[in-house]
Every structure is written in structure tokens, then in C-alpha cells.
1. Once you have the alpha carbon radius of gyration of the stretch 44-118, what is it after dividing by 2.2 N^0.38 Å, with N set to its residue count?
2. Over every pair of different alpha-carbon atoms in the stretch 31-155, take the mean of 1/r and invert it; report that Kirkwood radius in Å.
3. Express the relative contact order of the stretch 31-155 as a whole percentage, based on alpha carbon pairs under 8 Å and six or more residues apart in sequence.
4. When the Karplus curve 6.51 cos²θ - 1.76 cosθ + 1.60 is applied with θ = phi - 60°, which whole-Hz ³J(HN,Hα) does each residue of the stretch 18-33 get, with x for Gly and Pro?
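Derivation of every value follows stated rules applied to the coordinates shown; laboratory data play no part. All values reported here derive from a predicted model rather than from experimental measurement.
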Amino acid sequence: MTTFDARPHAAAAGARQPEWLASVLLGGLPTPCDAVFPFHGLVEPACVSSARRFVDHTLTGWGSDGVAFEAQLVVSELVTNAMRHGGGIDELRLLAYGAELACVVTDRSPAAPVAVRPDVFAEFGRGLRLVEAICTTWGWVVSSTRRKLVWAVLAA
């Protein structure tokens, strides 16, 4: 029997974990605004621009285009991290509930994401710090299929 910790993990000390998001991701409860972009195993730089277009189109349709720029930045970082460190990306999911928007990226690795303090001359390592600065909270959960869901919540 395989066990896993299905509780959402907060990335920063004291970060708030939205109960509604856990209910949707782990309990399968529906939310009125839920959109999924499947990547079908693609792992190429064009995935990031496709994800950004999906965010723009979806949020415009929901009437939440005021947060589209920030959501596109967050999604770009999460998708890039999934491709670079997560063994590939499975899907991007956008969820809106009340005044919050969650961006959820599913990758193929159960390993926890790591937000490092990069050297000022480092080429990489700032992505999750950017997510942390833009979002009200972010974290991850490992599913029963050993896939990792990295989520970030923005105030819509």
C-alpha cells in the first residue's frame, strides 16, 4: 500500500491554504469557473505561450481579465518549472471562487518545488519568488497517482 500526504502544503511560513481549493482538488467538488488546458505530453517552449493564451482567453470569458497579466506571469513560471524540474507537464487548470483565482499546474514528479534565493548573477532561480510576490499564497499537493499539483492563488 502506498501512502501520500494529500494535504495542500503552503510554500511560505504562515501562508493561508484556501479550504475551497482543497475541496476542489482533493474532494472533487465543483466550482462554477473551472477550465482545463491539457498538454498531452508536450514539453517544449511553445507550451508556455499556449498556456498564456489559454489564461487570457479563459479569464476574458469569465470577466476576470483585470488579473490576466498577473495570472499569465504566474502560469508562465509554473509551466516552465513543470517542464524543467517536474518531469513534464500534464495540465493547467484555472479555478475561480469568489474573489480568488487559482492557477494549478500538474506535473509528473512528486518532488516538492523549491524556492531558492538565487545569486544576483544567476540565470535561473527566480520563478517561485516571483510567484510568491504576486500571489496571496501558493503551495503543492501530491496526488494518489504520484503527480504533483502546484497551485497559486491570486486575488481576482
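1. Numbers: Rg = 12.7 Å, N = 75, 2.2 N^0.38 = 11.3 Å.
Working it through for the stretch 44-118, the quotient is 1.12.
2. On the way: mean 1/r = 0.0689 Å⁻¹.
Evaluated on the stretch 31-155, it is 14.5 Å.
3. On the way: 229 pairs, mean separation 30.8, N = 125.
Computed value for the stretch 31-155: 25 percent relative contact order.
4. Running phi through 6.51 cos²θ - 1.76 cosθ + 1.60 with θ = phi - 60° gives x, 5, 4, 5, 4, 5, 6, 6, 9, x, x, 6, x, 10, x, 10 Hz.
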